[in-house]
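Student: What follows is a single structure, and I will ask about it in a moment.
The values are calculated or read from the model by the stated rules, or taken from the named source; none is laboratory data. None of the values given here were measured: they were computed from a predicted structure. When we count neighbours, we look across all protein chains shown, and the Cβ atoms used for this are built from the backbone with ideal geometry, even at glycine.
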């Protein structure tokens, strides 16, 4: 799975804006692809994020995106990748 970390790049230098040691340990070489952003990301307010989520859910509802799901609980159990946790009984 791909991991995304925030950083700034100036010439040949990368300055990480969050913890990167787990992804890029200093002890080994790691290949990476860097995608420059067209514009700096705009920090949305909690209200704006909420409005976006509501709009996305309304769009899904208008498309009947989940109309084929007869039993949502059974569907959730089917698609989730549940696994037994170490030291816990099912």
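Student: Scan region 33-68 for residues that are closer than 26 Å to residue 15 by Cβ and either outside any loop (DSSP other than H, G, I, E, B) or in contact with a strand residue (DSSP E or B) (Cβ under 9 Å, 6 or more places away or on another chain) (or both) and jot them down.
Tutor: Hits for region 33-68 are 34, 36.
Student: For region 69-81, state whether one or more residues are part of a loop (DSSP other than H, G, I, E, B), surrounded by fewer than 10 Cβ atoms within 10 Å (Cβ to Cβ), free of Cβ contacts under 8 Å to residues at least 24 places away in the same chain and over 18 Å from the mean Cα position of the chain (by Cα).
Tutor: Yes, region 69-81 has at least one match.
Student: Is it the case that residue 46 is at pLDDT 85 or above, within 21 Å of the chain's Cα centre (by Cα) and exposed (fewer than 10 other Cβ atoms within 10 Å of the Cβ)? Please lay out each step first, then the result.
Tutor: Details: at pLDDT 85 or above: yes; within 21 Å of the chain's Cα centre (by Cα): yes; exposed (fewer than 10 other Cβ atoms within 10 Å of the Cβ): yes.
Yes: the conditions hold for residue 46.
Student: Being assigned to a loop (DSSP other than H, G, I, E, B), more than 20 Å from the chain's Cα centre (by Cα) and surrounded by 10 or more Cβ atoms within 10 Å (Cβ to Cβ) is the filter here; which residues of region 9-32 pass it? I'd like the intermediate steps shown before the answer.
Tutor: First pass over region 9-32, keeping only residues assigned to a loop (DSSP other than H, G, I, E, B): 11-12, 17-32.
From the residues that got through so far, the ones that are more than 20 Å from the chain's Cα centre (by Cα) too are 11-12, 25-31.
Of everything in region 9-32, just one residue is assigned to a loop (DSSP other than H, G, I, E, B), more than 20 Å from the chain's Cα centre (by Cα) and surrounded by 10 or more Cβ atoms within 10 Å (Cβ to Cβ), namely 25.
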